[in-house]
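The values are calculated or read from the model by the stated rules, or taken from the named source; none is laboratory data. Just so it is clear, the structure is predicted and the values come from calculations on it, not from any experiment. Each accessible area value is taken on the protein alone, full model and side chains, heavy atoms only, with ligands, DNA and RNA left out. Shrake-Rupley method; radii C 1.70, N 1.55, O 1.52, S 1.80 Å.
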Amino acid sequence: MSWSGVCFTVGSALFGHFLGGGHDAHVDGGHVDGSGGHAEAGLESNDMPGVSAFSPTVIACFITAFGGLGVIFHEIPATNSAWLSAPLALAGAYLIAYCVLSLMRKLFRSTQSSSESKVAAVIGAVGHVITPIPENGVGEIAYVQRGARYSAPAREEKGAPVPNGQAVKITRIVGTQFYVAAV
């Protein structure tokens with residue numbers, strides 16, 4: 001068993017948890033009338049979940065590049081000295097690790113796109129009741145955003161009943177529940 005492998009695994013787990021883990025963002029948006037809504041999203045400081053400079057893939061690329069370039073530069077007569085081959089290998093390893101990190105971020109950014117609705121953007125949108133909303137109860141609405149149809153549980157803003165098929169305006173969102181007012 002290789003101690004370097006064990007150290008790399010433990011180090012990756014620690015650095016990945018403390019330096020590369022996701023953080024939650026929470027935004028409260030109050031309205032003039034004192035009511036409020038909120039939106040939550042899990043993200044990292046670089047806006048990409050799971051892509052960090054301390055990811056095991058980037059670290060392994062750096063270590064591999066440093067060792068490989070160190071051997072190559074040591075075999076070239078002009079850079080045979082450790083005072084030349086080590087800094088050149090270090091610079092090359094940083095460059096290769098940076099390229100791998102950039103490639104991974106670009107790849108994940110393009111594959112993370114989604115047709116899912118941005119919840120905060122639907123406030124003010126018009127939808128239709130698809131399950132009647134009883135007095136002081138919960139029904140269901142359907143709305144269209146960016147060409148996709150979504151449905152969500154909904155309550156009438158003042159607790160009034162709303163019949164099936166009625167057009168409603170989304171006034172706020174609390175958790176997963178939409179508050180609406182008849183149009």
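Considering the range 84-102, and only residues there that are over 25 Å from the mean Cα position of the chain (by Cα) and open to solvent by less than 30 Å² (accessible area, probe 1.4 Å), the residue that is nearest to ALA60 (Cα to Cα) turns out to be ALA93.
Within the range 55-69, the set of residues being open to solvent by 50 Å² or more (accessible area, probe 1.4 Å) and hydrophobic (A, V, I, L, M, F, W, C) comprises PHE62, ILE63, PHE66. Checking each residue in the range 70-83 for being open to solvent by 90 Å² or more (accessible area, probe 1.4 Å) and among the aromatic types (Phe, Trp, Tyr) picks out only TRP83.
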